[in-house]
Each structure stands twice: as structure tokens, then as C-alpha cells.
Amino acid sequence: MLYVFNWLLILVLVLLAGALLYFRMSGRKLEKQTEERAYTIEAMTAYVKQTLHDLTSSNLYDLGLSEEAFRRRKHKRAELKKALRGCTSGDTRDKAYVKQFLYDFLLQSYQLDETSINRILPFDEPYELSPQDQFDILLYQYKKRYRQNGLSELIRKYDLDRPKLGIEDGKTESYRITTEEIHEIYKKESRRLHFEDKLHIVVQRIYQQYKGFSVVDEIRDMKIDGVSGGVSGIPPSVWEGEWEFQSDSLLREVPKSHDSVWIFYRGKSIHLAFLSFGTEQELKRVSQNIYKYNYPGQLSEANGFKVNEMADGSRVVVLRPRFSESWAFFVRKFDVQSATLEQLIQDENAQLPIELIAYLVKGARITAVTGAQGSGKTTLLMAMVKFISATFPIRVQEMSFELHLRKIYKDRNILSFRETETISGQDGLDIQKKTDGTVNILGEVATDPVAAWMIQMAQVASLFTLFTHHAKTFRDLVYSLRNSLLKTGVFTNEKVAEQQVISVINFDIHLKRDVNGSRYIERITECVPLDQEMDYPVLYRQSEKLEEKVVAFMETATEYFRRSTDRVLYAARNVIEFHDGRYVAAHPVSDQNVQEMQEHLSDADRAAFAAYLTANWGERNG
């Protein structure tokens, strides 16, 4: 009996020891797994979200602080809450504040060291880094050296904006930056990163998932023309629901809409094929947040698009289903520092158009700036304002604030208006008449009421007007404005409406962007109204025979119908043209425009203008 009891006791002790060892090993394994999970971008982002929520919403009275400590803590929390709100609107100062806060917070509370930070991103294992990791490191290094020009310098150094053969057919050229290119550049550029650099990169990754704009967050801050997402790849309607990708293995690797990241760089749309938002939900999050500066209203199915600006002056357009086939956004940036004619116009003999544009503005000519999207109309218009007399109050009407003239010309009398959900562009233009404006600028003549109002305003309400339009030719510009007058009911006769248009527009500066993304002025065209005050032929009165009277009267009737139908009302004369990379003088400016321009020029400018005309077009008659 005692023997059996001893064996049972031994067995129980062995089982207890085994259980204890098992739980101990399981605990260590669980602890190790928990520790490994903690050092990931996702886990750290969740930790940051929860901690910041507690910091900004906790009751400070429960902390038992002294009055001075309470006041400091309250001020610091208010500052943090303000930065958290502002950083989602494109305010780079608020973004820098939040990132520095995260940097200090993680350094103090997350027990990061050289070993643990390499578990977040494999900095010490270059071949394990994803293309996004490598790009983030490259962009961080270039930003340290070149600040906001970092991405431009990276593209320039490695000629990444060159056209490449398309993936689909291997023949069509397009602009894209591939995964292979990023790998090769990283091999050349990779260098040992200090712990502080690694933590800055990790903080940026956490920030862009928490408050930023995902993979385009740092790209948006660079000095490029713009960035967009959700504009390529298969839309969700194809691969969601009954069209699941799992049902067709051939489609699993096809790019989807959330794999779409594009930049607009020096007139070229470049696909960053190595970047992706990861999920449609992330693209949706970015689209829903990127437009909310100054609370422009809710983006909904009933109102499927929003046009707004960001805190740094960028224009943002956001679209959503069902209006568009997928969530998409477009951020367009305008470099106000480069808004000078000398920087914008740099081809051979560039001084020819630069000087003429300056004299057109000083001479109070009503001038259209035309061209396709991305050709540089807005930037050129910014530069032209420099030559408007500082004594003239300027009033600007835009769909969304893009020109930001007061950032460039801080001491000028300038006020800008824009359309809202309740105030139309026409209402805005109507209000301008009551604001003592001398010069009117229209950021874009895009609707019929605005076009019609612009014609009327240019006739009576301002000294002169500058505006942009998307017309391809001068004839298209005239027809478009004429049709707007007809559609709005201002005129009912085509010829009368066209006559009003050509009596208003003096010059058209047409911009073009070639296949390589280079921008230039294709032509500067003068509108010369033709003399319409000619008497009808009345030879039938002098004829004696009936047959001669009938023939002569038919000539008079023919002339009447010709004038009523296809009579040419104006001549479009190219004053300056662009040929073979060089600006050349074409037709001289008409005597009437020269005379009217001279009336607005100072004595010094009048003499310089006369010398300019003589040097390029020769002596004028009379």
C-alpha cells in the first residue's frame, strides 16, 4: 500500500513539475510573441492613437496638479489638439509639431533602442526592405539635404522622368517609376543610418497612417506640381462582390484602384508604380480627410465631389462613388516663389515675349491666358500681376483659391473671392463692382454665366481684365465666349454677340506643354476688329434699265446676306510665335492697340515701348 502511495506521489510531483514547466515556457513564448507584435508599425500606431486620445480627453482635475502645473498641462494639451486638427489640412508647421511630439514620446515611453527599432523596419537587412521602405529612406535622406526639393533632386539625378515603354503592349511610352529602379537606386545610395534617423523614419510611417495622407504624405509636401491617387487600376466595382478576385486567379496580381499613386512633375504625369495605399479603405480615408481645410461641407453620394484648397495653398479635388468609379483625389500645387516671367519663360529669345507681356499689362490690355490643363496658365497669371500698377486695387474671382496673390504681393490692395455652395461665380462678380476694384482677374472662365459677366464687366466695370480659359485656338476662345453670351440670354443674335466678344478681348497668350513636359508660349495673338462701317452698294439707284437695276439690287442683297451670315468680324494676328525652340516676331501690334497702350504708360515706359517695337518689328508708318 505504501509502495503504491509513493508512486502516486511521485507521479503527481512529475505532473506538477511538467505543468509548471509548460506554463512557464508558454508564458515566455507568449511574452516573446507580445514583444514581437509590439514592435510593428501597426501596433505602435494603435498605441499612439490610444495614448493621444487619453492625453487630449482626460480630466485634468483628477490629476491633483498644482495651479502652475495645471496651467502648463492645459496649455500644452490645447497646443497639441490644435496641431492634431491642423496637420490634416496640409499645414506643415502643425505636422512638424505632431511628428516631434511623437518622436519624443516614443523615445521616452516605448523603450526603443538600436535592436528594437530594427525589428520595426529591417534597416540592417536591405534585401528585406519593401520598395516603400526603401523609398521612404531615400526620400528622408534627400529631404535632409535638399529640404522640399528632395524628390525633384532624386528624380533629376537618376533621370526618373524619362518615358518608358508601356507594360500592356511594350510599344506605347509612358512615365512611371518602377520597383526595380527604386531597388537599384537604394543599392547606390544606401548608407548606415543613425538611430535618430531610423526613429524619424518610423515616426513618419506612424504619422502618415494616423493623421497623414498615407504613402503620399511626404510626397505632397515636396516642391512638385501635384499628386493624385485612385486614378488607375481596376475600380472596386470589378473586384468586389460577385466579381471577387479569388474567383479568378489570373486577376489577383492586376493593379487595383488603391494601387494608384501619381505625381505631376514639370508637366509630366508620372506613375509611382512601386507605391500603393494597400487597401481601398486607406484610399477612402485619405480622400475623406484631404479636402477638409476650413470645413467646406460634406462629401456624400448626393454631392460626389469637392473642390477646396489646403492650408499651404494647394488646390484639392476629391471625388467619390457613385459620381466617379472609385475614390480619387487630386492635389495641385502652385510654386509662388517661381512666379516670375524670367523663371517661367526660358527658351531662346525669351526676352521678346517677356517684354511684350509686361507692356500688355502696363498698357491695360484685356488679355486671355489660354492652354490645356497643366500648361502653366495660373502660374503665368501670378507673374503677370507684378506689372500691374501698385496704385490699382485688384479684385480676383476664382472657383477655389489658387492664385494667392497676397502671398506674393503683400503690400498690394488685393482681395480674392471664390464660389461657394450658396454664392455663385456670377454673384461674386456682381459684388466686385461695389469693392472699388480697378483691375479684375478671373482665375478661370469655366461657366457660361461667368463668361457672360466677364464680357460685360470688361466693357464697363474695370480698367482692364486678365483671365484664363481652356480654349485651344483664338477662334475657339471667341466662339466659346460668344456661345456663353447666347446661352445666358444676354444676346440672341450670333453676330452681335461675337462682335461684343471681339470688341473686348485684345490679346491671347496661348501656352502649350509638349510631350516631354516642357512648357512654352506657343503664340501671342492680337485680336484686330475689322471695319464694319461700310455703306451697302446702291448702284441700282443709278441704273436706268430694269434688268440693270435688278442685277445691281441683287448685288446689294448679296452683300446684306454676306454680312448677316459669314462675314469675318476680326483678324487674329500672331504677334509672337514659337518656332524650333525660339521665339520670333511675326505681325506687328496694330496702331490702335499701340496708341491705347501708350496712353497708360509712363513717359519712360512709353519711350522703352517704342524702342522695343522698333527693334523687333521695324519703324512704324506714321
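For GLU68, are the conditions met, namely being exposed (fewer than 14 other Cβ atoms within 10 Å of the Cβ), farther than 19 Å from TYR103 by Cα and at pLDDT 80 or above?
Yes: the conditions hold for GLU68.
What do you reckon, is ALA446 aliphatic (A, V, I, L, M), out of contact with any Cys (no Cβ under 7 Å at 6 or more places or on another chain) and surrounded by fewer than 18 Cβ atoms within 10 Å (Cβ to Cβ)? Yes, satisfied. Take LEU405 and decide whether it is surrounded by 15 or more Cβ atoms within 10 Å (Cβ to Cβ), in contact with a strand residue (DSSP E or B) (Cβ under 7 Å, 6 or more places away or on another chain) and farther than 30 Å from TYR570 by Cα. Against the criterion (surrounded by 15 or more Cβ atoms within 10 Å (Cβ to Cβ), in contact with a strand residue (DSSP E or B) (Cβ under 7 Å, 6 or more places away or on another chain) and farther than 30 Å from TYR570 by Cα), LEU405 qualifies.
Of SER518, SER503, SER484, all but one fail to be more than 23 Å from TYR583 (Cβ to Cβ), surrounded by fewer than 21 Cβ atoms within 10 Å (Cβ to Cβ) and either touching a Gly at 6+ places or on another chain (Cβ under 8 Å) or among the hydroxyl-bearing types (Ser, Thr, Tyr) (or both); the exception is SER503.
Filter segment 199-220 down to the residues that are more than 23 Å from SER152 (Cβ to Cβ) and not in a helix (DSSP H, G or I) and list them by number. The one that is more than 23 Å from SER152 (Cβ to Cβ) and not in a helix (DSSP H, G or I): LYS211. Please find, within segment 560-611, the residue that is surrounded by the fewest Cβ atoms within 10 Å (Cβ to Cβ) out of those that are among the aromatic types (Phe, Trp, Tyr) and modelled with pLDDT of 90 or more. Across segment 560-611, the extreme among qualifying residues is PHE578. Evaluate the following for LYS32: is it surrounded by 10 or more Cβ atoms within 10 Å (Cβ to Cβ), assigned to a helix (DSSP H, G or I) and either touching a helix residue (DSSP H, G or I) at 6+ places or on another chain (Cβ under 7 Å) or modelled with pLDDT under 85 (or both)? Judged against the criteria, LYS32 is a match. Restricting the search to segment 114-124, which residues are touching a helix residue (DSSP H, G or I) at 6+ places or on another chain (Cβ under 8 Å) and free of Cβ contacts under 8 Å to residues at least 12 places away in the same chain? PRO122, ASP124 - these are the residues of segment 114-124 that are touching a helix residue (DSSP H, G or I) at 6+ places or on another chain (Cβ under 8 Å) and free of Cβ contacts under 8 Å to residues at least 12 places away in the same chain.
Conditions (1) assigned to a helix (DSSP H, G or I); (2) at pLDDT below 90; (3) among the hydroxyl-bearing types (Ser, Thr, Tyr); (4) in contact with a Ser or Thr (Cβ under 8 Å, 6 or more places away or on another chain), marked per residue:
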residue: ARG73; (1), (2), (3), (4): yes, yes, no, no
residue: LEU84; (1), (2), (3), (4): yes, no, no, yes
residue: LYS95; (1), (2), (3), (4): yes, no, no, no
residue: ASN118; (1), (2), (3), (4): yes, no, no, no
residue: ASP124; (1), (2), (3), (4): no, yes, no, no
residue: TYR127; (1), (2), (3), (4): yes, yes, yes, no
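Against the condition touching a residue at least 60 places away in the same chain (Cβ under 8 Å), buried (at least 17 other Cβ atoms within 10 Å of the Cβ), touching a helix residue (DSSP H, G or I) at 6+ places or on another chain (Cβ under 7 Å) and under 15 Å from ILE509 (Cα atoms), how does THR379 come out, does it pass? It is false that THR379 is touching a residue at least 60 places away in the same chain (Cβ under 8 Å), buried (at least 17 other Cβ atoms within 10 Å of the Cβ), touching a helix residue (DSSP H, G or I) at 6+ places or on another chain (Cβ under 7 Å) and under 15 Å from ILE509 (Cα atoms).
Restricting to segment 322-336, name every residue that is in contact with a Ser or Thr (Cβ under 9 Å, 6 or more places away or on another chain) and either crowded, with 22+ Cβ neighbours inside 10 Å or more than 18 Å from THR279 (Cα to Cα) (or both). Result: SER326, TRP327, ALA328, PHE329, PHE330, VAL331, ARG332, LYS333, PHE334, ASP335, VAL336.
Only one entry of SER389, SER416, SER400 meets the criterion of being among the small types (Gly, Ala, Ser), surrounded by fewer than 20 Cβ atoms within 10 Å (Cβ to Cβ) and over 26 Å from ASN303 (Cβ atoms), and that entry is SER389.
Taking segment 352-398 as the range and being of a type in the set (D, E, K, R) and closer than 29 Å to TYR265 by Cβ as the test, the residues that pass are LYS377, LYS386, GLU398. No other residue among GLU196, GLU184, GLU153 is out of contact with any helix residue (DSSP H, G or I) (no Cβ under 9 Å at 6 or more places or on another chain) and either closer than 28 Å to TYR39 by Cα or in a helix (DSSP H, G or I) (or both) apart from GLU184.
For segment 79-92, indicate whether the set of residues that are assigned by the TED database to the domain that holds VAL216, free of Cβ contacts under 8 Å to residues at least 24 places away in the same chain, surrounded by fewer than 16 Cβ atoms within 10 Å (Cβ to Cβ) and more than 25 Å from the chain's Cα centre (by Cα) is non-empty. No, segment 79-92 contains no residue that is assigned by the TED database to the domain that holds VAL216, free of Cβ contacts under 8 Å to residues at least 24 places away in the same chain, surrounded by fewer than 16 Cβ atoms within 10 Å (Cβ to Cβ) and more than 25 Å from the chain's Cα centre (by Cα). On the basis of being under 19 Å from the mean Cα position of the chain (by Cα) and surrounded by 16 or more Cβ atoms within 10 Å (Cβ to Cβ), does LEU319 make the cut? The answer is yes for LEU319. Scanning segment 271-313 for residues that are part of a loop (DSSP other than H, G, I, E, B), exposed (fewer than 14 other Cβ atoms within 10 Å of the Cβ) and hydrophobic (A, V, I, L, M, F, W, C) gives a single hit, ALA302.
The values are calculated or read from the model by the stated rules, or taken from the named source; none is laboratory data. The structure presented is a predicted model; accordingly, all values stated were derived computationally and were not measured. Quick reminder, even Gly has a Cβ in these numbers, built from the backbone with ideal geometry, and neighbours come from all protein chains shown.
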